[in-house]
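Notes follow once the structure below has been shown.
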Amino acid sequence: MAPVKPPLSSNRITSRVSGLRHLALASLLAIGPGLGIGVPHAAADLPVFWSLSGPAHIREGGMAEYTVSLSGIVTRPALSINWSTMPNTAIGDVDYATSSGSVTIQPTDTSAKFTVQTLEDNMWDDGKSFYVQLSSATAGTITGGQVETFIDDDDGLPQLAIQGVSVNEGDNGFVTALFNVTMSNASAVSVGVHYRTDDVTATGGKCGAAGVDYQTSFGKLLWAPGNNATQTIAVPVCGDKVYEGDNETFTVTLYGPLNQYEVIATPQATGVIEENDPPPPAVSVLDTQTFETNAGTHSATVPVILSGVTKQDVSFTFTTVDGDARAPSDYVATTGSMIIPAGATLGTIEVSVKGDKVTENNETFSVQISDVRNGTLGDSSAKVTIVNDD
């Protein structure tokens, strides 16, 4: 009969169970890092996955923040990955700061962050973007390694405005009225606008033609992308020597933007033509007298005066009219026209008076003027007294 083995003591049972546990643990360790426990394999073989997230939109001038995430096994060493920016429609160091770097995710972390600065400008655009991408991880697979970020413009559409101007008209030829057209901020695309002149109290046409105050003008202005320099519209203002009373005006109007990327904020401005000519002078004839003498003829001089200097020749007609002196017995009836040249203020009309030896009272006739050009009619009639000297 076989001997009966004594029962195992509780200490021996505990020892054997502990040994089994160690055996099982050793087996698990042999399986490797895929179960998330034990000593990892070489870093390059780690089953970890990298991804990148960040803003789809960022306001111009803002700081964009990006997150690098790491997923996979739990137990691992610190791992690193590189990141960099890449242009799309946005331009590096113009729209955003060209940047690159690396992040390291510690064994106790699952993510790390970095930032990219976008740059402020004074130029409108309808949206532009750049990329941020991951590369060169020390281990694992990059599964979502690129983000596109749009930079939202904060400048607004360009505002166009025209400014009025005043010019002295001049005496001849023309002077140029320059209307400034400003643009509030530049644009990433071309900007343009049409313009035209319109009469108010001034008359448009071609300088040199009668009655024309300024030269009718039209055209268009263009700004290249990135340019918001002030441009000018040149309108010739015709010189003359004609007094026209009050200052005269015309307008320049902006219309018909060339695309939808501009706003006409101030569409119209006034051009003022400043009158530089003196008012037309009044033309007057003055009374005079002459002795009749005893025989023959001599001239009675009738003064004609202007009330002021003018830049134009002043003309008029004149005629003699009988009083108690009669033509042709006492004087020679006279009619005609006269011109007082520009800059002068005095003229004379000569009338022949006949002498005799007859004792008589003083006699008179008159000289009358009419049809004044480039002036107004002042005293239109002068009395000429023939003084009896018999």
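Bear in mind that the values in this text are calculations on the coordinates, not laboratory data. Small disclaimer: the values here were computed from a predicted structure and weren't measured. FYI the Cβ positions are ideal-geometry reconstructions off the backbone, even for glycines, and counts take in every protein chain you see.
Among (i) 24.0; (ii) 31.6; (iii) 31.0, which one is Kirkwood radius over Cα pairs in Å computed from these coordinates?
Matching entry in (i) 24.0; (ii) 31.6; (iii) 31.0: (ii).
Hey, fewest Cβ within 10 Å first, where do Cys207, Cys238 land in order? Kindly include the intermediate steps, with their values, before the conclusion.
Values: Cys207 16, Cys238 24.
So the ranking, lowest neighbour count to highest, is Cys207, Cys238.
Could you tell me what percent of the DSSP beta bridges with both partners in segment 159-274 are antiparallel, to the nearest 5? All intermediate terms of the calculation are to be shown ahead of the outcome.
Details: 30 of 39 bridges.
If I count the DSSP bridges inside segment 159-274, around 75 percent turn out antiparallel.
Which of the aspartates and glutamates could be linked to Lys113 by a straight reach, that is with a Cα gap under 19 Å, when you skip same-chain ones fewer than 8 residues away?
Partners within reach: Glu65, Glu148.
Would you kindly state the longest site-free stretch of the chain, with sites defined as trypsin sites (Lys or Arg not before Pro) in a DSSP loop (not H, G, I, E, B) surrounded by at most 16 other Cβ atoms within 10 Å? All intermediate terms of the calculation are to be shown ahead of the outcome.
Working: sites that count: Lys206, Lys311, Arg326, Lys357.
So the longest stretch without any such site is 1-205.
Using Cα pairs closer than 8 Å and at least 6 residues apart in sequence, work out the relative contact order for segment 282-387, in percent. Working shown, then result.
Values: 275 pairs, mean separation 45.8, N = 106.
It rounds to 43 percent for segment 282-387.
Karplus couplings for segment 366-381 from phi (6.51 cos²θ - 1.76 cosθ + 1.60, θ = phi - 60°), rounded to Hz, Gly and Pro as x?
Taking θ as phi minus 60°, the curve returns 10, 10, 10, 10, 7, 6, 6, 10, 6, x, 10, 8, x, 6, 8, 9 Hz for segment 366-381.
Rounding to the nearest 10 and keeping the result within 0 to 90°, find how far the Cα-based axis of helix 10-31 lies from the longest principal axis of the chain.
40
Relative contact order for segment 159-274: what is it in percent, counting Cα pairs under 8 Å that are at least 6 residues apart?
Numbers: 304 pairs, mean separation 46.0, N = 116.
In percent, rounded to a whole number, it is 40.
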